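> One structure, pasted below without further comment.
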Amino acid sequence: MSVLGRRGALELRALTTNSKTSPTAIRSFSVLNRPAPNYPGHVPLTTIERGALAIGSALGSLVNPRRADLIAALGEATATPFFIYRLRDAMLSDPTGRRILRDRPRITSETLKMTHLRTLPENSVGRTYAKWLDREGVSPDTRDNVQYIDNEECAYVMQRYRECHDFYHAVTGLPIFVEGELALKALEFLNTLLPMTGLSLFAFVRMKPAEKERFLSLHLPWAIRSGLRSNELINVYWEEVLEKDVDELRAELNIERPPDLRDIRKMIRQQQKREKEQREQASG
Amino acid sequence: MRPISRSALRPHVCQTCRHGIGAGRRRFASQSGSPDLYDVVCVGGGPAGLGLMAALRASPITSKLRVALIETQDLTKAQAWNLEPTQYSNRVSSLTPSSVAFLRQIGAYDHLDVDRVQDYQDMQVWDGQTGSSISFDWSMETSPFEDPRTVATMTENANLVRALLRRIAQSGDENLSLFSNSTVASIETGSDLKPEGPDLSAWPVLSIKPTGPSESTPKRIAARLLVGADGINSPVRSFADISTHGWDYGRHGIVATLALGDLDIPPFPASKRTAYQRFLPALGGPIALLPLPNNHATLVWSTTPENAAYLKSLSTPSFLAMVNAAFRLEMTDLSYMMGMSSTSDISHQDELTWRTQHTALPSQVPPPATAVQEGTVASFPLRFRHAAQYVSPRVALVGDAAHVIHPLAGQGLNLGLADVASLSKTIQYAVSHGMDVGDLITLERYSSERYLPNAKIGGACDLLHKMYTVPGEGPVAWARSLGLGVVDRLPFVKSFLMKNAEGY
């Protein structure tokens with residue numbers, strides 16, 4: 001629908017560019033008459049479209065939590081009117097945050113060379129990040145561009161949040177499967193107040209009973225504790241702290257390190273294996 | 001109220017009976033002889049005190065009264081005040097049309113240097129937090145083909161004081177004493193000097209001493225009516241034992257004279273000038289830019305004492321950047337810039353340039369300030385005071401001695417001039433009806449005419465201040481924006497408010 005609408009608007013605009021006083025200039029924003037984008041890649045949406053996008057992407061991502069594009073769309077559709085401005089103002093109130101907004105750095109495999117990160121000292125932020133990417137088998141280039149946020153500066157803030165998300169993973173050591181993701185989203189919700197991070201917690205219903213119990217007793221209390229105490233994560237200039245000790249950074253940000261989920265899983269698996277072997281021995 | 005034994009509180013008791021009551025109780029008799037008697041003595045030679053003198057001298061009814069004015073500063077210097085045409089004093093006031101009408105009526109307006117006076121026809125006021133705005137002009141009352149009506153007139157206080165002094169000088173020096181460079185050493189209640197002299201019990205008797213080292217004995221004068229136009233710490237008010245209520249706002253007003261950049265004067269209506277005021281809830285008060293001639297403007301920025309100290313410590317380019325930012329940027333940016341260290345590599349101007357690109361500017365932004373006139377950046381504390389009463393037997397308070405209000409509506413001087421207009425009318429009435437000008441019954445006319453209007457305007461300014469210092473988005477911000485929007489869209493409400501502010 002939106003593609004058609006955009007094309008329609010483009011055609012209309014092409015037809016009427018000659019006369020400045022054309023009725024399209026004063027006609028209200030509709031599906032057939034989309035205003036010009038505020039930044040490259042921007043897709044202006046009406047309120048109804050935004051609402052539909054929010055509901056659709058929320059349901060879609062609940063059905064399939066691996067759909068990062070839907071989660072991204074949900075984040076953008078629910079970030080306005082208030083939340084993304086709050087996050088931008090948090091950046092504007094901080095010298096580093098202001099510097100980030102001024103420089104507008106992007107995190108890609110181009111700007112952050114993995115080969116360089118792997119050469120950094122052990123336990124540095126950059127090395128930890130590289131190790132985490134390797135362990136989880138992900139790349140910084142998988143992040144979509146922001147397209148549904150109207151204010152171009154807020155769009156950058158959203159982009160920055162999205163690109164820094166992997167750093168949050170790396171610093172907390174949380175893995176990308178649902179359990180780790182939810183723990184991190186809970187932390188992010190309390191830290192950034194972005195509604196998408198809070199809405200993501202509904203994925204809780206998809207977890208297994210044992211995971212639910214573990215989440216409620218272990219990672220949720222951790223997320224609440226750290227989230228309420230921590231400084232604004234968005235104001236970390238990650239490109240500049242790559243060589244810093246990761247424990248030092250965690251202390252600066254007031255974030256505790258949560259129990260390592262992969263280790264826990266491994267231990268549980270080993271335990272199950274041992275129990276199974278014991279059972280087999282007993283029966284055999 | 002000061003303790004007064006008899007006469008003043010019992011004006012209905014006739015002279016002879018009154019004299020009988022006090023007979024045999026002669027106190028302080030013939031203390032350094034009988035003082036000089038005046039009908040009206042005004043303490044304080046600011047715009048209010050001088051306005052009263054000029055008004056009394058201008059009216060044929062009161063011009064024969066024996067009047068005196070006591071002022072600490074040198075009045076001859078004030079009368080000879082002169083500045084380069086491109087220089088403007090930082091003490092500037094906005095005169096409402098009713099104040100201008102009063103000045104015209106007493107003949108003082110003709111003595112004003114009109115090249116240094118600037119009318120404005122439009123006032124743009126907006127909320128820096130929510131962006132809601134209101135425009136005060138008379139377009140709802142006038143037709144679009146008339147010249148726009150003046151909302152207020154900006155004038156330097158020094159220009160006004162000089163005009164009033166010239167007007168007083170024009171009236172001659174008969175029955176007039178100007179005690180310049182003089183302070184009131186003491187005020188006491190006079191005594192009955194009968195039979196050698198007049199009965200001055202209940203008359204205030206002032207000892208006047210020249211400022212500076214002087215051997216001369218203080219001059220004593222007695223006042224039938226003593227007018228306190230002596231400011232917020234009024235000695236006359238303390239003498240009359242009138243209590244005053246109020247509070248300090250914990251805010252300072254920063255003033256400066258600025259030169260403005262390219263002024264895009266609209267082709268129609270010609271020569272329309274605009275005053276701008278933006279409320280900055282996060283910084284503790286509004287910033288206002290009021291037009292002066294030759295593309296200059298005067299700045300009044302109410303803010304916390306810490307911010308005021310910070311602003312005064314800035315270099316000129318940074319100060320200008322802050323002023324321009326205050327009319328353009330969002331509260332978050334302003335709060336941040338208010339704490340920027342002057343040693344950082346990024347200057348205030350860099351921040352302003354960068355943030356302006358990312359901020360949606362409203363249509364009513366003033367032209368950028370490009371220069372600060374040297375030595376004009378100053379600040380003063382903002383206070384609210386209201387005297388419990390304006391009159392007491394043989395005493396009347398006018399201007400700041402009676403009320404001090406928040407300057408956000410630029411009403412302080414106008415209220416003072418309205419007091420003076422009312423008091424001079426009261427004195428005229430008393431004189432033409434053969435009443436005692438110092439009598440409480442005479443003065444109550446003045447008090448009843450002015451107390452409520454002053455309380456109303458002072459209270460309105462106080463309420464506006466309190467509403468517009470609640471930072472952040474919230475119910476208060478929502479409510480005040482709604483209120484501003486409603487007033488802006490309802491011409492009769494706006495017209496009613498403007499008439500109130502104008503003093504009609």
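The values are calculated or read from the model by the stated rules, or taken from the named source; none is laboratory data. Fair warning: this is a prediction, and the values are worked out from it, not measured in the lab. Glycine gets a Cβ as well: all are built from the backbone with ideal geometry, and neighbour counts include every protein chain shown.
> Is it fair to say B:Asp345 is out of contact with any strand residue (DSSP E or B) (no Cβ under 8 Å at 6 or more places or on another chain), more than 22 Å from B:Gln87 (Cα to Cα), surrounded by fewer than 16 Cβ atoms within 10 Å (Cβ to Cβ) and within 14 Å of chain A (Cβ to nearest Cβ)?
yes
The rows are residues; the columns are (1) assigned to a helix (DSSP H, G or I); (2) modelled with pLDDT of 95 or more; (3) among the hydroxyl-bearing types (Ser, Thr, Tyr).
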site: B:Thr426; (1), (2), (3): yes, yes, yes
site: B:Gly438; (1), (2), (3): no, no, no
site: B:Ile441; (1), (2), (3): yes, no, no
site: B:Gly459; (1), (2), (3): yes, no, no
site: B:Leu463; (1), (2), (3): yes, no, no
site: B:Pro471; (1), (2), (3): no, no, no
site: B:Val476; (1), (2), (3): yes, no, no
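> Here's something else I'd like to know. In region B:328-342, what count of residues is obtained for those that are more than 10 Å from every other protein chain (Cβ to nearest Cβ) and among the β-branched types (Val, Ile, Thr)?
Summing the residues that are more than 10 Å from every other protein chain (Cβ to nearest Cβ) and among the β-branched types (Val, Ile, Thr) in region B:328-342 gives 0.
> If you don't mind, there's one more thing I want to ask. Take the residues of region A:49-67 that are surrounded by fewer than 15 Cβ atoms within 10 Å (Cβ to Cβ) and part of a helix (DSSP H, G or I): which is farthest from the other protein chains (Cβ to nearest Cβ)?
Quick first cut of region A:49-67, residues surrounded by fewer than 15 Cβ atoms within 10 Å (Cβ to Cβ) only: A:51-52, A:55-56, A:59, A:63-64, A:66.
Okay, now just the ones that are also part of a helix (DSSP H, G or I), so A:51-52, A:55-56, A:59, A:63.
Details: A:Gly51: 22, A:Ala52: 27, A:Ile55: 26, A:Gly56: 29, A:Leu59: 31, A:Val63: 36 Å.
Step by step, filter region A:49-67, then rank; the result is A:Val63.
> Return yes when A:Ala130 is within 14 Å of chain B (Cβ to nearest Cβ) and part of a helix (DSSP H, G or I) and no when it is not.
Spelling it out, it is not the case that A:Ala130 is within 14 Å of chain B (Cβ to nearest Cβ) and part of a helix (DSSP H, G or I).
> Go through (1) at positive phi; (2) surrounded by fewer than 17 Cβ atoms within 10 Å (Cβ to Cβ) for B:Asp173 and report which single condition fails.
Against the list (1) at positive phi; (2) surrounded by fewer than 17 Cβ atoms within 10 Å (Cβ to Cβ), B:Asp173 comes up short only on (1).
> In addition: Checking B:Val420 against (1) more than 22 Å from the chain's Cα centre (by Cα); (2) in a helix (DSSP H, G or I), which test does it fail?
Result: B:Val420 passes all but (1).
> Pull up region A:133-150, narrow it to residues that are among the acidic types (Asp, Glu) and in a helix (DSSP H, G or I), then point me to the one that is farthest from A:Phe177 (Cα to Cα).
A:Asp141
> While we're on this one: Can you name every one of the helices (runs of 4 or more DSSP H) wholly within region A:151-207 that holds 3 or more residues which are under 11 Å from the mean Cα position of the chain (by Cα)?
A:152-172, A:178-192
> So which of B:Arg116, B:Arg167 is surrounded by 19 or more Cβ atoms within 10 Å (Cβ to Cβ) and out of contact with any Ser or Thr (no Cβ under 8 Å at 6 or more places or on another chain)?
Values: B:Arg116 fails: out of contact with any Ser or Thr (no Cβ under 8 Å at 6 or more places or on another chain).
Being surrounded by 19 or more Cβ atoms within 10 Å (Cβ to Cβ) and out of contact with any Ser or Thr (no Cβ under 8 Å at 6 or more places or on another chain) holds for just one of B:Arg116, B:Arg167, which is B:Arg167.
> Please find, among A:Ile84, A:Ile71, A:Ile107, the residue that is within 14 Å of chain B (Cβ to nearest Cβ), surrounded by 21 or more Cβ atoms within 10 Å (Cβ to Cβ) and within 21 Å of A:Thr197 (Cα to Cα).
It is A:Ile84.
> Can you report the number of residues in region B:190-219 which are at pLDDT below 90 and not in a loop (DSSP other than H, G, I, E, B)?
Number satisfying all stated conditions: 5.
> Moving to a separate point now. Regarding B:Ala288, is this residue free of Cβ contacts under 8 Å to residues at least 60 places away in the same chain and either on the phi > 0 side of the Ramachandran plot or outside any loop (DSSP other than H, G, I, E, B) (or both)?
no
> Return the pair list, or none, for Cβ contacts closer than 8 Å from residues in region A:159-170 that are closer than 20 Å to A:Ser226 by Cα to residues that are part of a helix (DSSP H, G or I) and of a type in the set (S, T, N, Q), at least 6 apart or on different chains.
If the second residue must be part of a helix (DSSP H, G or I) and of a type in the set (S, T, N, Q), the pairs left are A:Tyr161/A:Thr192; A:Ala170/A:Thr128.
> Name the residues in region A:50-80 that are at pLDDT below 90 and closer than 22 Å to A:Asn33 by Cα, would you?
Residue satisfying the conditions is A:Thr80 alone.
> Can you list residue pairs whose Cβ atoms sit under 6 Å apart, with the first residue in region B:105-131 being within 16 Å of B:Ala297 (Cβ to Cβ) and the second being in a helix (DSSP H, G or I)? Count only pairs 6 or more apart in sequence or on different chains.
B:Arg116/B:Asn159
> Of the residues B:Leu283, B:Leu314, which single one is over 25 Å from the mean Cα position of the chain (by Cα) and either surrounded by fewer than 21 Cβ atoms within 10 Å (Cβ to Cβ) or closer than 17 Å to B:Ser379 by Cβ (or both)?
Numbers: B:Leu283 fails: over 25 Å from the mean Cα position of the chain (by Cα).
None of the others qualify; the one that does is B:Leu314.
> Quick check on B:Ala297: is it away from chain A (no Cβ under 14 Å) and either touching a residue at least 60 places away in the same chain (Cβ under 8 Å) or crowded, with 18+ Cβ neighbours inside 10 Å (or both)?
It is true that B:Ala297 is away from chain A (no Cβ under 14 Å) and either touching a residue at least 60 places away in the same chain (Cβ under 8 Å) or crowded, with 18+ Cβ neighbours inside 10 Å (or both).
> Within region B:348-364, track down each residue that is more than 13 Å from chain A (Cβ to nearest Cβ) and among the polar types (S, T, N, Q).
Residues satisfying the conditions are B:Gln349, B:Ser363, B:Gln364.
> Okay, moving on. Which condition number in (1) assigned to a loop (DSSP other than H, G, I, E, B); (2) touching a Phe, Trp or Tyr at 6+ places or on another chain (Cβ under 9 Å); (3) farther than 22 Å from A:Leu70 by Cβ; (4) of a type outside the set (Asp, Glu) is the one that A:Asn231 fails?
It is condition (2) that A:Asn231 fails.
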